[in-house]
Amino acid sequence: MRKVMGYIAGALALAAIWELAAIALGSPALPRPSAAVPAFVRLLPGLWPHGLRSFARVLVAMLIGTVLAVPLGLVVGRSARIDAVLAPIIFITYPIPKVVFLPILLVLLGLGNAPKVALIALIVFFQVLVTARDGARAVPEGTVLSVRSLGAGRFDVMRHVVFPAALPELFTALRISSGTAVAVLFFAESIAGTEGLGWFIVDAWGRIDYPSMFAGIISMALMGVVIYEGLDALEAWLTRWRRV
């Protein structure tokens, strides 16, 4: 209940700032909340399918990127030999803006869902990979040796020590990457596609329908909140041991 009240208070504060900015600028490109919110409610039946498509793309991409990145990152973090080989490659490719690969992905995968999902998965992969590596490296060696002295093998150490210890950092990386994923989704949908919230926003902008454009922006913000809260709930479930 406290979290819900916090969101309501935050939304009201943003609406007040938005209202003041709209009054100060006096531009039709920045409609007041009193125009954008009713447009959001009115357009909700049409926005819903676009929102579901965008949400599905982000969810699938985050799942693919995470599933590929976590095991590799943990192995790299715990093996000095593998780290010596892969870490330079990771840190050379990590700073490259992944959006530059969108034209290549469009050529290779076409104009459908695949290039959008692949681009977001690529971004999530690198952010989670680096965090998983650092989280695995941060596990105290004494803890690992204690578990091994009880007869645990490498897989047991990874499963029962390294992975749980890295989980909080992994979820932090996922929260950060979720914001990046939504931003990149907008870019990808606005360039290639005829559906999704990114396309809806750019289409409304092209028609100079600014209330509808901000209705799409509100929808994208709500999608981000849903993803963020979902990650919070998943972390609370997977890290129940922290409250014991």
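Considering only GLY73, PRO45, LEU111, and ranking their Cα positions along the charge dipole of segment 35-136 that arises from unit charges at the beta-carbon of Lys, Arg, Asp and Glu, the one farthest toward the positive end is PRO45. Taking every protein chain into account, the accessible area of the chain amounts to 55 square angstrom per residue (probe 1.4 Å). Anyone know which of GLU19, GLU189, GLU141 comes out most mobile in the 10 Å Cα GNM of the chain? Maximum fluctuation in the GNM of the chain, among the listed residues, is at GLU141. Mean residue ellipticity, 222 nm, helices only, the chain: the sum of -39500 (n - 2.57) across DSSP H runs of n ≥ 4, divided by residue count and rounded to 500, is -28000 deg cm²/dmol.
This structure gives Cα extents along the principal axes in Å, computed directly, and of (1) 69, 48, 31; (2) 72, 38, 29; (3) 61, 36, 26 that value is listed as (1).
Highest GNM mean-square fluctuation among ILE217, ILE104, ILE227, for the chain modelled with Cα contacts below 10 Å: ILE104. Charges were assigned to the Cβ only: +1 to each Lys and Arg, -1 to each Asp and Glu. The resulting dipole of segment 148-244 about its Cα centre is roughly 680 debye. Span-like helix criteria (full DSSP H runs; alpha carbon extent of at least 18 Å along the helix axis; mean Kyte-Doolittle hydropathy of at least 1.6) are satisfied in the chain by 80-93.
Note on the chain: GNM, Cα springs under 10 Å; of ARG81, ARG53, ARG175, the largest mean-square fluctuation is that of ARG81.
The values are calculated or read from the model by the stated rules, or taken from the named source; none is laboratory data. All figures in this text were calculated on a predicted structure; none of them were measured in a lab. Every residue, glycine among them, receives a Cβ derived from its backbone with ideal geometry; neighbour counts consider all protein chains shown. SASA here: full protein model, heavy atoms, side chains in, ligands and nucleic acids out. Shrake-Rupley method; radii C 1.70, N 1.55, O 1.52, S 1.80 Å.
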